[in-house]
1. If you take the residues of region B:23-48 that are within 12 Å of chain A (Cβ to nearest Cβ) and in contact (Cβ under 8 Å) with a residue 40 or more places away in the chain, which of them is surrounded by the most Cβ atoms within 10 Å (Cβ to Cβ)?
2. Collect the residues in region B:96-110 that are open to solvent by less than 40 Å² (accessible area, probe 1.4 Å) and within 12 Å of chain A (Cβ to nearest Cβ), keeping them in residue-number order.
3. Going through region A:10-32 one residue at a time, which ones are outside any strand (DSSP E or B) and surrounded by fewer than 19 Cβ atoms within 10 Å (Cβ to Cβ)?
4. Quick check, is B:Asp300 assigned to a helix (DSSP H, G or I), within 14 Å of chain A (Cβ to nearest Cβ) and either under 25 Å from B:Gly106 (Cβ atoms) or over 28 Å from the mean Cα position of the chain (by Cα) (or both)?
5. Out of the residues in region B:161-174 that are at pLDDT 95 or above and of a type in the set (A, V, I, L, M, F, W, C), which is surrounded by the fewest Cβ atoms within 10 Å (Cβ to Cβ)?
6. Looking at (1) farther than 14 Å from B:Phe262 by Cβ; (2) modelled with pLDDT of 90 or more; (3) in contact with a Lys or Arg (Cβ under 7 Å, 6 or more places away or on another chain), find the lone condition where B:Arg192 falls short.
7. For the condition surrounded by 14 or more Cβ atoms within 10 Å (Cβ to Cβ) and without any contact (Cβ under 8 Å) to a residue 24 or more places away in the chain, what is the one hit in B:Asn224, B:Asn281?
8. Please verify whether region B:79-95 includes one or more residues that are more than 10 Å from chain A (Cβ to nearest Cβ) and of a type in the set (Asp, Glu).
Amino acid sequence: MSKNWPLWEIFVRSKNGLEHRHFGSLHAADAEMALENARDVYTRRNEGVSIWVVESKNITASNPEHNGEMFEPAQDKVYRHPTFYDLPDEVKHM
Amino acid sequence: MSEEQIKNLEKQFEERIARDEKIEPKDWMPEKYRKTHIRQMSQHAHSEIIGMLPEGNWITRAPSLRRKVALLAKVQDEAGHGLYLYSACETLGVSRDELYEQLHSGKAKYSSIFNYPTITWADMGAIGWLVDGAAIINQVPLCNTSYGPYARAMIRVCKEESFHQRQGFEIMIKLANGTPEQKDMAQDALNRWWWPSLMMLGPTDAESIHTEQSMKWKLKRKSNDDLRQQFIDQTVPQAELIGLTIPDPDLKWNEERQSYDFGEINWDEFWQVVKGHGPMNKERMKARVNAWEEGEWVRDAAMAYAEKKQERKEKQVV
């Protein structure tokens, strides 16, 4: 009985100046193979200049069922946005 | 959860989809949504993987280097598309091994078009032009489907697929403008692939069991019959342009509908092929299962090597 290759999450920087973005996932025996496979699976048409691979089991994700406690506290904090503050019309740019 | 709570969640869920919100892997979803998506996405992935076989048949015999690199790139794309779709499918909590097992045991289906043989080089042209053409018509609306990972995979697939159809049509143009024998070869390929390509867009609306629910979940935006009509209307002028004849004596422009009327499709043949009695079903499955089984030692060796390296690294740390 063979052992399955673990799952890896693939992040690609499409060009310098941009962040790495999640592109998808794939199976590979180790990190090196994950990098090589990611090149063939996700960058066949010059989509990237840099690749990160992370074994999926190492990612901790928030649970959408707890989105209330997690994200709602930010909703009533309008004072974090510049438009909350009143300025006289004479001040054109601030 | 009580039945009422589930009903409530389902209602909220349907409303989210109706508002064009995307569903992501960890979101609550009805079991039926999950199952339907696993079925459709895995069928789609299996079709990409099996779809490499009829074309792989011609890579070594491509008539020029230009044709060979294009065909190689197309087949490689199909492997890639299969992988995007398998990994999107795995986000629903099914493992790659289970998916392969379903394919290899015959429990899961793949597109029945791949159960036809590729007997001449012109078949590479006809497949790119017609089969990929029909696939694109099927797939473009899926870029907007409700399940996030599926929609994202489809966007990538669609972007890459348009070269597939163009390279096929280019092959057909060249043959259609070539020697009489080459033109015959192109016509023969069109004759054999036309009807299976129409069938590929699925059973008629009256016979299609999944349509209504799939429309709601945006797994489908247009009915099979509408997609088929779109495919015919777009393809007939292309055939005329290169001097080939669509093998349908009933095909006729309908001025009133601004569409082509077409002849009866042989649905018995379609169901025969779906049930496993097409010309190449056994062959395709055998090739796929062989590839998997004969590759086992390679997969095992890679895993053993990765583990050994890891152990060595850990020892050094100590």
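The values are calculated or read from the model by the stated rules, or taken from the named source; none is laboratory data. Predicted model only: the values in this text are computed from it and were never measured. Counting neighbours? That spans all protein chains shown, and the Cβs are built from the backbone with ideal geometry, glycine included. Just so you know, the surface numbers come from the protein's heavy atoms only, side chains and all, with ligands and any DNA or RNA stripped out. Shrake-Rupley method; radii C 1.70, N 1.55, O 1.52, S 1.80 Å.
1. First pass over region B:23-48, keeping only residues within 12 Å of chain A (Cβ to nearest Cβ): B:23-29.
Keeping just the survivors that are in contact (Cβ under 8 Å) with a residue 40 or more places away in the chain gives B:23-25.
Values: B:Ile23: 24, B:Glu24: 12, B:Pro25: 16.
Once the filter is applied, the top-ranked residue is B:Ile23.
2. B:Arg96, B:Leu99, B:Tyr100
3. Of everything in region A:10-32, those that are outside any strand (DSSP E or B) and surrounded by fewer than 19 Cβ atoms within 10 Å (Cβ to Cβ) turn out to be A:Ser14, A:Lys15, A:Asn16, A:Gly17, A:Leu18, A:Glu19, A:Ala31, A:Glu32.
4. Considered against the rule, which asks whether it is assigned to a helix (DSSP H, G or I), within 14 Å of chain A (Cβ to nearest Cβ) and either under 25 Å from B:Gly106 (Cβ atoms) or over 28 Å from the mean Cα position of the chain (by Cα) (or both), B:Asp300 comes out as yes.
5. Let us first name the residues in region B:161-174 that are at pLDDT 95 or above, namely B:164-174.
When the remaining residues are screened for being of a type in the set (A, V, I, L, M, F, W, C), the result is B:169, B:171-173.
Numbers: B:Phe169: 21, B:Ile171: 26, B:Met172: 24, B:Ile173: 18.
Going through the qualifying residues, I end up with B:Ile173.
6. (3)
7. Working: B:Asn281 fails: without any contact (Cβ under 8 Å) to a residue 24 or more places away in the chain.
Exactly one of B:Asn224, B:Asn281 is surrounded by 14 or more Cβ atoms within 10 Å (Cβ to Cβ) and without any contact (Cβ under 8 Å) to a residue 24 or more places away in the chain, namely B:Asn224.
8. No, region B:79-95 has no match at all.
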